Amino acid sequence: MVRPHRTSYTALDFMQFKASQALDITPKFQRRGVWKNPARSNLIETLILGLPIPAIYLRLRQNEAKTKTLREVVDGQQRISAVLDFVAGDYKLSKVVGEAYRGKRYDDLTEADQDAIRSYPFSCEILQGVSDADVLNIFARVNINAIKLNAQELRNGNYFGFFKQTCYSLALEHIEYWRRNHIASETNIARMQEVELTSELIIAMMAGMQDKKKSIDNFYRDFDESFPQGP
């Protein structure tokens with residue numbers, strides 16, 4: 001099997017691949033898109049700010065007529081779909097993003113912000129001459145040593161509302177306090193344990209002592225629902 005090689009494609013490249021029917025976003029081994037508007041909005045803001053995101057994995061193969069090279073999205077479906085749908089005007093940015101972007105569609109952004117999205121360089125791992133079985137084997141091996149997400153890491157991916165944002169902001173504001181007083185180790189901080197502790201303290205002040213495992217999820221969920229994120 002040929003080793004993957006790394007390259008980069010911009011959002012404009014993906015738009016052109018799609019327009020020429022040279023992009024398969026949902027091949028048979030891909031999952032269906034599950035990202036909701038807040039997660040998509042957070043990605044778009046990340047692109048505008050020029051911050052890094054994980055690499056996208058693509059498999060190159062020929063179409064049945066052997067007239068075109070197709071790019072199958074092996075990993076990164078939701079990221080690519082979020083960008084293409086936003087540029088197409090399919091949704092507006094939710095309340096999770098900065099005030100300058102909230103409620104805006106692509107056409108509402110400044111030319112500079114639009115260009116930041118179109119020209120963002122996505123790091124891509126290219127698989128060529130790889131069978132379906134090889135693809136499945138590659139990702140089984142890539143993820144074999146993956147650390148299972150803890151409860152707070154799962155909340156980070158599932159909730160985007162006011163309560164979550166407040167907890168994360170306060171935890172970050174006091175990050176040196178956690179370190180200086182040995183309340184949270186660097187490993188704990190890397191895995192968001194100081195955010196979980198901040199959440200517990202805020203909940204205790206608001207509603208008294210709680211059952212942590214149930215109450216934190218409930219507060220994150222309730223405040224997500226109290227502050228709708230838009231379509």
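The values are calculated or read from the model by the stated rules, or taken from the named source; none is laboratory data. For clarity, every value in this text was computed on a predicted model and none was experimentally measured. FYI the Cβ positions are ideal-geometry reconstructions off the backbone, even for glycines, and counts take in every protein chain you see. With ligands, DNA and RNA removed, areas are computed over all heavy atoms of the protein, side chains included. Shrake-Rupley method; radii C 1.70, N 1.55, O 1.52, S 1.80 Å.
Things to note:
- Sequence-ordered 3J(HN,Hα) estimates for segment 114-123 from the Karplus curve with 6.51, -1.76 and 1.60 and θ = phi - 60° stand at 4, 5, 4, 6, 4, 9, 4, x, 7, 6 Hz, glycine and proline given as x.
- Compared with the dominant Cα axis of the chain, that is its longest principal axis, helix 132-142 is turned about 30°.
- A Förster radius of 41 Å, combined with the Cβ-Cβ distance separating residue 202 from residue 10, puts the computed FRET efficiency at roughly 0.50.
- Accessible-area ranking of 64, 125, 99, largest first, probe 1.4 Å: 64, 99, 125
- Applying 1/(1 + (r/R0)^6) with R0 = 45 Å to the Cβ-Cβ distance of residue 21 and residue 168 gives a FRET efficiency near 0.65.
- Area of residue 194 that stays accessible when all protein chains are in place (1.4 Å probe, Å², to 10): 20 Å²
- Neighbour cut-off at most 16 other Cβ (10 Å), DSSP loop, trypsin sites (Lys or Arg not before Pro), segment 3-101: 28, 31, 32, 36, 66, 68
- If the segment from residue 46 to residue 100 were pulled out straight at 0.36 nm per residue, it would be longer than the present Cα-Cα gap by 18.1 nm.
- The chain, relative contact order in percent, only Cα pairs under 8 angstrom and at least six apart counted: 25 percent
- The count of lysine pairs in the chain that are at least 8 places apart or cross chains, and whose C-alpha atoms lie under 14 Å apart, stands at 6.
- Taking all protein chains as shown and a probe of 1.4 angstrom, residue 23 keeps an accessible surface of around 30 Å².
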